[in-house]
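Take a look at the structure below.
What follows is calculated from the coordinates using simple rules that are stated; it is not laboratory data. Everything numeric here is computed off the predicted structure, so don't read it as measured data. Virtual Cβ from ideal backbone geometry, glycine too; neighbours counted across all protein chains shown.
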């Protein structure tokens, strides 16, 4: 029988693999856009912005619901509430600020539920600005998981 901690580590590594793929596709879209293009209305730019926002929402979801919870389980933490998970991630140095991640969660909800259709440019701008921090956390978790 395998060690329970080994199983938790394998789960973390599996979830991290999903996050890495999601981060890679998000970065692909992010690299196709510059801040000055966000207000353009041509179909190609709009398609890229739509892909970027969807990919941002996907990565945020994977990190918060899968990866961070797998880290908490590996740490043998009894975190059930999201705020407790985020506080642990901040304590471990995997994220910079809990408040920033609450904003990411709110932004993800706007994207997924499309509450702000009238102000898509503002959402696109916020996603563009927030993407580096989201992707950075994938690298931090990878370093944590490898013991670096």
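Overview of results
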item: Distance between the stretch 89-147 and the stretch 1-80 - C-alpha centres, whole angstrom; result: 9 Å
item: Top of 62, 111, 83 by mean-square fluctuation, Gaussian network on the chain, Cα under 10 Å; result: 83
item: Prolate/oblate/rounded call for the stretch 1-78, Cα gyration tensor, a/c under 1.5 rounded; result: prolate
item: Correct choice for volume of the Cα convex hull per residue in Å³ that was computed from the model, options (i) 148; (ii) 124; (iii) 111; result: (iii)
item: Using a Förster distance of 41 Å, the FRET efficiency for residue 3-residue 125 (Cβ separation, nearest 0.05); result: 0.30
item: Principal-axis tilt of helix 4-31 within the chain, Cα atoms, nearest 10 degrees; result: 10 degrees
item: Extended-chain gain in nm, criterion 0.36 nm per residue less alpha-carbon gap, residue 11 and residue 136; result: 43.0 nm
item: Segment residue 21-residue 91, extension gain: residue separation times 0.36 nm, minus the distance between their alpha carbons; result: 22.7 nm
item: The chain: angle of helix 82-91 to the longest principal axis, Cα-based, in degrees nearest 10; result: 80 degrees
item: Helix 43-61 vs. the chain, principal-axis angle (Cα, 0 to 90°, nearest 10); result: 20 degrees
item: Structure-based [θ]222 nm, the chain - -39500 (n - 2.57) summed over DSSP H runs of at least 4, per residue, nearest 500; result: -24500 deg cm²/dmol
